[in-house]
Amino acid sequence: MAGLHKSEFANPVINWVDTRLPIFTMMQKEYGVFPTPKNFNYFWNFGALAMVCLMVMILTGIFLAMNYQPNTELAFASVQHIMRDVNYGWLIRYVHQNGASMFFIVTYIHIFRGLYYGSYKSPRELLWMLGVVILLLMMATAFMGYVLPWGQMSYWGATVITNLFSAFPVVGKHIVTLLWGGFSVDQPTLNRFFALHYLLPFVLIGVIFLHVAALHIVGSNNPLGIDVKSPQDTVPFHPYYTIKDSVGICVFLMIWAGFVCFAPNFLGDPNNFIPANPLQTPADIVPEWYFLPYYAILRSVPNKLLGVCLMFGSLLLLLVLPWLDTSRVRSARFRPIYRKVIWVWILSFVVLGVCGAHKPEGIWVILSRVATLYYFAHLLVVLPILGKIERPLPLPESISNPVVVRSGLIAALVAAFFGLQAMQPARAESAEIRLPEQKWSFDGAFGTPDMAAAQRGFKVYSEVCAACHAMQYLHYRDLAGIGLSAEQIKAFAASVTVPQGLNDEGMPKEGPGTPASQFRSPFPNDVAARAANNGALPPDLSLIANAREGGADYIYGLMIGFADPPKDMKMQSGMNYNIYFPGHQIAMPQPLRDGQVTYTDGSPTNLAQMAKDVSTFLYWAANPEETERKQIGFRAILYLGFMACVTYALKRKVWAAVH
Amino acid sequence: MADSTAASTADSHGHDSHGGHPADPSKRDMLELMASAGAAIFGASIVWPLVASMNPAADVLALSSVEVDLTPIQPGQGIVVSWQGKPIFVRHRTPEEIKSAKDVKLNELNDPQADAARVKAGHDEWLVLIGICTHLGCIPLGNKPADVRGEFGGYFCPCHGSVYDTSGRIRRGPAPKNLDVPQYAFVTDSKIKIG
Ligand code: FES
């Protein structure tokens with residue numbers, strides 16, 4: 001009877017399974033009665049939160065992959081198909097897109113927890129190193145995932161990041177060609193990135209399993225950083241920490257839902273709403289916020305190879321952190337100097353992030369150099385020396401009571417939030433033009449696009465804009481979203497002549513549209529569009545409200561901003577002066593003038609009114625899910641808030657016996 | 001059960017609840033119930049959109065109708081057009097085929113249905129069918145005169161030998177039902193619109 005497990009479960013089915021494969025015993029041991037220091041503060045939630053992130057990302061990712069096309073011709077459109085046509089596709093996609101940011105916020109705080117309380121020190125070195133490997137894998141996964149939508153930022157991000165490897169002498173060029181599968185980022189690159197983006201999360205699961213397994217051998221650190229001395233220092237993981245983690249998860253999901261439903265593109269880049277164009281780099285190219293500090297390190301050195309080495313080095317050094325820090329005291333609470341310098345280090349990291357968001361000019365270059373210097377000096381000089389000269393405070397005898405560090409936690413969260421905010425202005429700053437800010441019907445958490453205005457805007461689009469601008473991601477059936485009835489849509493579609501495939505002789509055929517038809521394009525292809533417009537391509541308007549900094553305000557400004565050029569300005573031939581267009585010279589002649597369109601509802605047809613209506617319509621066209629999204633957001637947040645209260649009340653009851 | 005764990009932990013660790021209010025078990029049970037029910041509801045509301053995303057998307061549902069010009073189809077011949085990704089058989093029946101379809105007694109049929117119910121009144125010669133075998137989804141032969149048409153002169157499914165007559169009704173073999181008739185209408189005498 002070698003190896004049959006003696007199970008203690010009473011339920012006969014569980015007992016039968018457990019005798020042969022003791023997974024229930026294992027779960028009970030590792031997550032049920034597992035002795036856990038009883039003095040954790042809320043920083044110890046972040047491991048569980050990261051697990052939640054990973055699970056949500058894998059789940060949503062699998063469903064996205066069912067509709068995504070890893071093909072340079074189709075990728076961008078397939079994402080729009082997910083956003084517009086797939087049931088709840090926008091929800092799944094925005095959860096996934098914002099999930100990447102959530103995952104990094106949580107992981108960075110989790111790492112900070114380890115740094116502050118010395119969780120990397122003996123005997124947890126391997127646990128820490130596995131954590132660093134997890135971070136690296138996460139970065140690779142996030143990077144490749146960002147490439148998949150095949151927008152401008154995807155494409156140029158992929159180009160820049162893969163080109164990092166070209167810095168290495170001799171082999172560099174070959175590595176880059178190998179990564180690309182060609183001589184530029186192209187179809188083979190996208191296809192393999194998709195394959196790897198699907199694979200790596202499962203590799204992550206493997207490494208996380210090892211990370212957790214190592215944790216369960218050496219046991220958790222705690223805010224005091226001292227070893228657990230007796231069973232009195234611990235509580236069983238369940239129910240004490242399962243319930244405490246649940247509180248954190250509810251609050252965390254609330255924040256996530258807030259981003260998804262009320263500011264889904266806050267952390268994104270407008271340029272990624274423009275399909276990849278291998279012939280034109282966007283004016284300001286910035287990576288996602290979670291890569292900004294490393295990006296700033298890269299740019300702080302005026303030497304390609306050194307910059308790349310420092311960038312990778314800044315991460316790889318973390319692997320040897322347990323040996324760089326020579327102090328044997330774990331928690332920063334008992335290290336009066338370390339307690340201060342760790343914040344300086346965090347500050348240097350945040351400053352690097354902010355620098356990364358700005359163009360490398362003037363003050364930002366100096367700042368990023370200083371911050372880079374401290375980042376490395378902290379690891380290579382301060383930590384080794386500090387351990388020798390610092391006089392730690394006396395350590396307590398045992399873990400007595402839970403350590404509450406509310407203020408520290410709040411400080412860290414606030415810092416994280418402002419850090420995120422600070423990483424935003426880079427793009428606004430480059431605009432240097434003050435847009436005429438309007439009050440929009442869709443502003444704020446309760447706002448939804450004004451249907452009447454959107455309908456008028458649609459009239460403006462179809463009578464004016466549609467002469468040059470396509471909206472290829474919209475179909476006539478979508479107009480139900482601005483309140484047109486099925487009959488109105490049918491009638492309108494039938495009044496438009498659209499391409500209808502090939503006739504029996506194999507020639508292109510046209511006929512009246514149906515609700516299922518795409519919005520008719522004014523030109524059969526881009527070449528024809530350029531030829532008809534002095535070489536300038538009128539952009540597709542489906543996503544224009546998201547693809548331009550300022551959104552609806554920008555469109556509005558552009559419509560009303562035509563004027564005579566200032567005396568001292570030299571206009572290029574064929575260009576028109578516009579106050580709100582970056583550079584002020586635009587190929588489009590003034591499209592709207594007073595009274596150009598006849599409204600049926602009696603609204604005034606002056607320029608301002610028409611500009612506002614068409615901006616509302618285009619905003620809706622780019623965000624057709626807005627109304628539903630906000631409704632779902634309210635329900636989700638209310639529900640999660642209620643659950644946070646319930647779990648918190650339960651947590652107090654559970655912990656009442658210990659406190 | 002969790003209750004007793006908490007209590008025993010407190011006991012064995014020699015703590016008492018110095019807050020002065022020992023945990024009220026009934027209130028705690030209530031909270032536990034709410035928390036687990038809440039988690040279950042939340043789980044379901046996550047699963048719902050994910051599963052819904054696998055259902056046909058808006059563009060698939062909105063697939064347009066197709067129009068078919070009947071003039072080139074000679075008696076005895078048929079064509080196949082694609083509608084919603086499915087093959088649609090459009091067959092110009094000969095007078096003999098129509099007669100044999102009409103003459104069958106309903107009680108001889110596995111899935112009784114009169115021929116008149118399967119064609120449009122006044123257009124007896126046109127048979128329009130979804131060309132998918134009701135057994136397991138193969139496309140039956142017989143739309144072209146050169147095809148094997150089975151013993152009833154209609155359609156024959158090569159997969160498991162279902163035999164359909166000249167009205168597309170199942171006569172022999174494992175298929176349970178007649179071939180489906182799609183929604184269609186005559187736009188003019190020589191043109192139909194499917195869908
Ligand atoms: S599928 Fe036609 S007989 Fe089985």
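Counting only helices (runs of 4 or more DSSP H) that sit completely within region A:304-406, those holding 2 or more residues that are surrounded by 20 or more Cβ atoms within 10 Å (Cβ to Cβ) and either on the phi > 0 side of the Ramachandran plot or aliphatic (A, V, I, L, M) (or both) correspond to A:304-316, A:338-357.
Any residue in region B:60-71 that is within 13 Å of chain A (Cβ to nearest Cβ), part of a helix (DSSP H, G or I) and over 27 Å from B:P158 (Cα atoms)? The answer is yes; a qualifying residue exists. No other residue among A:G513, A:G481 is surrounded by 15 or more Cβ atoms within 10 Å (Cβ to Cβ), touching a residue at least 60 places away in the same chain (Cβ under 8 Å), within 14 Å of chain B (Cβ to nearest Cβ) and more than 17 Å from A:H469 (Cα to Cα) apart from A:G481.
State whether the residues of region B:180-188 include one that is within 16 Å of the ligand (Cβ to nearest atom) and without any contact (Cβ under 8 Å) to a residue 60 or more places away in the chain. Break it down into steps so the answer makes sense when it comes.
Just the residues of region B:180-188 that are within 16 Å of the ligand (Cβ to nearest atom), to begin with: B:180.
Still in the list and also without any contact (Cβ under 8 Å) to a residue 60 or more places away in the chain: B:180.
Looking through region B:180-188, at least one residue is within 16 Å of the ligand (Cβ to nearest atom) and without any contact (Cβ under 8 Å) to a residue 60 or more places away in the chain.
Determine, yes or no, whether B:Q84 is more than 16 Å from the ligand (Cβ to nearest atom) and out of contact with any Pro (no Cβ under 7 Å at 6 or more places or on another chain). Considered against the rule, which asks whether it is more than 16 Å from the ligand (Cβ to nearest atom) and out of contact with any Pro (no Cβ under 7 Å at 6 or more places or on another chain), B:Q84 comes out as yes.
Is one or more of the residues making up region A:14-29 touching an Asp or Glu at 6+ places or on another chain (Cβ under 9 Å), of a type in the set (D, E) and surrounded by fewer than 22 Cβ atoms within 10 Å (Cβ to Cβ)? Yes, the conditions are met somewhere in region A:14-29. Applying the criterion of being of a type outside the set (F, W, Y) and either more than 21 Å from B:V81 (Cα to Cα) or within 14 Å of another protein chain (Cβ to nearest Cβ) (or both) to the residues of region B:139-152, the residue that is nearest to the ligand (Cβ to nearest atom) is B:G150.
Looking at B:F156, is it aromatic (F, W, Y), more than 10 Å from the ligand (Cβ to nearest atom) and either more than 14 Å from chain A (Cβ to nearest Cβ) or under 14 Å from B:V90 (Cβ atoms) (or both)? It is false that B:F156 is aromatic (F, W, Y), more than 10 Å from the ligand (Cβ to nearest atom) and either more than 14 Å from chain A (Cβ to nearest Cβ) or under 14 Å from B:V90 (Cβ atoms) (or both).
Suppose we filter region A:640-659 for residues that are more than 7 Å from chain B (Cβ to nearest Cβ) and without any contact (Cβ under 8 Å) to a residue 60 or more places away in the chain; how many remain?
So the answer is 3.
Scanning region A:484-510 for residues that are among the charged types (D, E, K, R) and crowded, with 16+ Cβ neighbours inside 10 Å returns a single hit, A:K490.
Scanning region B:147-177 for residues being surrounded by fewer than 22 Cβ atoms within 10 Å (Cβ to Cβ) and under 18 Å from the mean Cα position of the chain (by Cα) gives a total of 2.
A short reminder: the numbers here are calculations on the coordinates, not readings from a lab. Everything quoted here is computed from the prediction, not taken from an experiment. Glycine gets a Cβ as well: all are built from the backbone with ideal geometry, and neighbour counts include every protein chain shown.
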